[in-house]
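Single-structure report; data block below.
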Amino acid sequence: MVDAVLFEFLHTEMVAELWAHDSDPDPGPGGQKTSLLVLEGMGFRVGQALGERLPREMLAFREELDVLKFLCKDLWGAVFQKQMDSLRTNHQGTYVLQDSSFPLLVRMGSGLQYLEEAPKFLAFTCGLLRGTLSTLGIKSLVTASVAALPACKFQVVIQRP
Amino acid sequence: MTVHNLYLFDRNGVCLHYSEWHRKKQAGISKEEEFKLMYGMLFSIRSFVSKMSPLDMKDGFLAFQTSRYKLHYYETPTGIKVVMNTDLGVGPIRDVLHHIYSALYVELVVKNPLCPLGQTVQSELFRSRLDTYIRSLPFFSARAG
């Protein structure tokens with residue numbers, strides 16, 4: 001098992017690098033969006049690859065809920081060494097995954113300090129979820145929200161054609 | 001038995017953090033001057049101790065004490081210095097100072113993407129965890145002894 005710190009430091013640098021480049025041309029929300037999209041895209045690509053590599057046995061994903069459970073247990077376990085704290089659904093294609101102490105946020109604060117910066121650190125992980133779902137055959141839209149560090153929620157909306 | 005105050009310096013003499021718990025007398029100079037004075041003194045004592053040591057040096061400067069308080073010192077290979085003033089009843093606390101460095105500073109400041117290194121620490125989480133930790137130490141009592 002590799003030390004989780006390596007991924008954390010790399011992720012920190014990714015966010016910092018994208019923000020450093022983008023603060024000059026477009027300081028408004030438009031520029032920020034591009035960086036978030038880039039991070040999300042990177043996460044998507046990584047998620048696609050992880051989706052191929054992670055499921056070790058021939059897991060019969062009988063339904064969507066099994067796939068989401070796999071994300072909460074195995075994907076989170078492999079990347080963050082812990083499991084997602086709760087999974088809720090409305091059984092109509094929307095799932096809310098809650099992590100009460102998200103490893104990429106847990107060092108930053110506990111409460112409201114740094115709340116505005118938090119979304120930058122969630123973009124990669126949203127992409128990760130979306131990418132893994134896409135390899136497993138599910139098209140989705142993933143967004144994240146933070147009410148108070150280090151707890152955060154990921155909302156997955158399945159796109160049915 | 002109690003802890004009076006705590007300073008955290010980096011390699012360049014920047015005071016990263018200062019908190020006090022029981023300090024009845026202030027230094028009479030501004031905080032910046034006080035930090036510079038403290039850092040300058042530590043720098044001089046360290047070099048004095050290593051030059052004048054009659055034997056090969058192992059850990060270097062550890063602590064000094066006066067008739068009222070004791071100053072404990074811990075330095076890491078990266079130049080981070082933890083300085084704690086306690087009262088006289090407290091013995092060697094190198095492991096406490098090391099814990100402050102590894103479990104608090106490294107975990108909550110170095111690993112925090114939003115805390116730039118080399119500047120005073122702004123993170124509320126660091127401040128509150130440090131405070132909780134100090135208050136939980138066996139030699140800290142809420143009333144200055």
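The values are calculated or read from the model by the stated rules, or taken from the named source; none is laboratory data. Quantities reported herein were computed from a predicted structural model and do not represent experimental measurements. Positions of Cβ are generated from backbone atoms using ideal geometry, with glycine treated the same way; all protein chains shown enter the neighbour counts. To get the accessible areas, we keep the full protein, side chains included, count just its heavy atoms, and leave off ligands, DNA and RNA. Shrake-Rupley method; radii C 1.70, N 1.55, O 1.52, S 1.80 Å.
The table below lists the values:
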item	result
Rounded to the nearest 20 debye, dipole of chain A from Cβ charges on Lys, Arg, Asp, Glu	600
Trypsin sites (Lys or Arg not before Pro) restricted to the stretch B:7-101 and DSSP loop, no more than 14 other C-beta within 10 Å	B:11, B:23, B:24, B:25, B:58, B:68
Accessible surface, chain B, averaged per residue in Å² (probe 1.4 Å)	56
Interface residues, the stretch B:124-138 - accessible area loss of 20 Å² or more versus chain alone, probe 1.4 Å	B:124, B:125
Two-site label geometry, residue A:21 and residue A:45: point separation in nm, points 7 Å out along Cα→Cβ	1.1
Inter-site label distance for residue A:151 and residue A:7 at 7 Å from Cα along Cβ, in nm	2.4
Carbon + sulfur, % of accessible area of the stretch B:46-131 - ligands and nucleic acids excluded, 1.4 Å	55
Cβ-derived FRET efficiency at R0 45 Å, residue A:89 paired with residue B:110, nearest 0.05	0.70
Gaussian network model of chain B, Cα within-10 Å springs - most flexible of B:82, B:49, B:90	B:49
Solvent accessible area, Å² - residue B:1, 1.4 Å probe, full protein context	90
Between A and B, accessible area buried - total, square angstrom, nearest 100, 1.4 angstrom probe	1100
Degrees, to the nearest 10: A:123-135 long Cα axis against longest axis of chain A	30
Buried on assembly, the stretch A:73-116 (at least 10 Å² less accessible surface than by itself, 1.4 Å probe)	A:106, A:107, A:108, A:109, A:110, A:113, A:114
Cα lying deepest toward the dipole's positive end in the protein assembly as shown, options B:125, B:92, B:67, charges on Cβ	B:67
Fraction of accessible area attributable to carbon and sulfur, chain A (%, probe 1.4 Å)	57
Hz values of 3J(HN,Hα) by residue in the stretch B:10-27 - Karplus curve (6.51, -1.76, 1.60), Gly and Pro given as x	9, 4, 9, x, 6, 7, 7, 7, 9, 9, 10, 10, 10, 9, 7, 10, 8, 6
Dipole moment magnitude, nearest 20 debye, the protein assembly as shown about Cα centre, only Lys, Arg, Asp, Glu C-beta charged	780
Simple Cβ-charge dipole of the stretch B:3-136, Lys/Arg +1 and Asp/Glu -1, about Cα centre, in debye nearest 20	240
Chain A, accessible area per residue, ligands and nucleic acids excluded (1.4 Å, Å²)	54
Cα-only Debye scattering, the stretch B:3-136: base-10 log of I(q)/I(0) at q = 0.14, 0.22 Å⁻¹	-0.65, -1.60
Helical contribution to [θ] at 222 nm, DSSP H n ≥ 4, -39,500 (n - 2.57), averaged over chain B, rounded to 500	-9000 deg cm²/dmol
Residue-wise HN-Hα coupling along the stretch A:4-19, computed from phi with Karplus coefficients 6.51, -1.76, 1.60 (Hz; x: Gly, Pro)	4, 4, 4, 5, 4, 5, 4, 4, 4, 5, 4, 5, 4, 5, 5, 6
